[in-house]
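The values are calculated or read from the model by the stated rules, or taken from the named source; none is laboratory data. This is a predicted model, so every value here is computed, not measured. So basically every Cβ, Gly included, is an ideal-geometry build from the backbone, and we count neighbours across all protein chains shown. Accessible surface areas use protein heavy atoms only, side chains included; no ligands, DNA or RNA. Shrake-Rupley method; radii C 1.70, N 1.55, O 1.52, S 1.80 Å.
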Amino acid sequence: MIEVLAKLGRGPVFLAGEVLECVITFTNPLSSSSTSASSEMLAWASAQIHCQFHTSENRVALPPSDGSKHDVQAENETVFVPNRGERGQCILSTPPKILFCDLRLDPGESKSYSYCETLPIDGPPSFRGQSVKYVYKLTIGCQRVNSPIKLLRVPFRVLVLQGLKDYEFPQDEAVAPSNPFLEEEEGLKKDSRLADLATELLMVATSRRSLHLYNISNTRGKVGTFCIFKTVYKIGEDVIGTFNFSEGDIPCLQFSVSLQTEESIQEEFQRRRGQPVSYTTHARHQEACLHTAQSSFNLPIPLSSTPGFTTNIVSLKWRLHFEFVTSGESTGTCLVQGSQSEAITWTGVEQMEVDTFSWDLPIKVLPTNPILASYVSQFSSTNSITI
């Protein structure tokens with residue numbers, strides 16, 4: 001028996017273009033029944049990164065692919081197929097790397113191997129939507145002599161930041177973005193610079209603030225104004241906005257704001273022409289606001305959510321969806337006077353005519369530092385099997 005342990009040292013979230021490093025340890029556990037003749041042998045071990053693409057047959061129509069027949073591998077084959085038994089299509093893979101050949105482990109002995117690979121910068125991000133899914137995995141395959149291949153899969157998450165692909169690193173090391181709080185090794189210097197550059201680009205893109213004012217009106221007049229200070233955010237940030245109903249002509253009784261993603265399939269891949277777009281709500285704020293002059297909301301963008309992106313098949317966009325309930329009467333206080341003789345009591349009316357309308361405001365959501373996203377990742381940094 002041999003235990004295989006794979007550990008992602010920095011966490012299970014990476015930026016496209018970064019170097020993924022995984023330490024893979026093979027151990028022959030020492031037990032009470034172990035003897036000098038209890039050595040274990042492995043013929044070979046190899047590792048490879050691949051991205052699996054899943055679709056909903058009710059929503060997406062893909063052309064037939066010849067690659068699907070390679071997803072199944074017979075147990076007596078010795079060819080390493082990392083996506084054996086996986087659903088969907090393998091749309092991206094790195095060249096396989098051999099970790100070792102003919103490994104012998106005595107009882108209690110273990111050996112570790114380091115696997116490093118640069119994640120393709122032009123691949124799609126990790127995404128689990130209603131119509132499509134992009135799933136990244138590192139697969140380690142190993143085999144005993146005359147035994148079937150065993151696979152250890154290590155799932156991880158990939159974030160994609162547009163603009164890094166065409167960037168040229170400065171020749172002068174002094175002007176390259178760097179983190180003074182981290183000690184860099186020579187082999188990881190470029191990888192660290194890429195992460196620092198991404199953090200810098202994200203800071204520049206999301207720190208710009210400018211006042212955006214919108215008039216909220218329906219067919220009968222002005223309801224109020226809405227103010228937001230920026231429309232570009234990182235995952236993990238809060239979307240903050242304010243309302244001013246004091247200058248409105250139409251009383252607003254209630255409003256709600258939803259932070260949503262819009263998942264749409266490109267027209268040529270739609271199962272039905274003109275099929276509806278899929279919406280997912282990530283946060284929502286609702287408030288009764290009659291006789292309220294000003295109000296605000298604060299909606300957090302989950303770190304586990306996917307930033308906006310576009311591929312040849314699917315597009316993901318973010319928006320704020322507003323719904324307003326206004327009084328159907330042009331004027332009036334929406335209060336009635338009670339019949340008590342000694343004091344005046346004002347109470348709300350029992351019935352009221354209302355109007356409703358909605359409004360959508362597009363926003364842009366970018367990735368964040370992958371180390372920060374690792375804290376809330378559903379994936380584990382350590383995976384293991386026994387063969």
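Mind ranking C289, C90 by accessible surface for me, highest first, 1.4 Å probe?
Result, largest first: C90, C289.
On the full set of protein chains, 1.4 Å probe, figure out the accessible area of I98 and give it in Å² to the nearest 10.
Surface accessible to solvent at I98 totals approximately 130 Å².
Take each of the peptides 100-113, 124-137, average the number of other beta-carbon atoms within 10 Å over its residues, and list them starting from the highest.
Packing order, densest peptide first, comes out as 124-137, 100-113.
Once you place label points 7 Å from the Cα toward the Cβ at Q378 and R271, how far apart are they in nm?
Going by the 7 Å Cα→Cβ label model, 2.1 nm.
Quick one: Cα centre-to-centre distance for the stretch 99-151 and the stretch 342-387, in angstrom?
36
Would you mind putting 272-280, 300-308 in packing order, based on average other-beta-carbon counts within 10 Å, highest first?
Sorting 272-280, 300-308 by mean packing, highest first, produces 300-308, 272-280.
So how do 49-58, 351-360, 378-387 stack up, highest first, on mean other-Cβ count within 10 Å?
Highest mean packing first, the order is 49-58, 378-387, 351-360.
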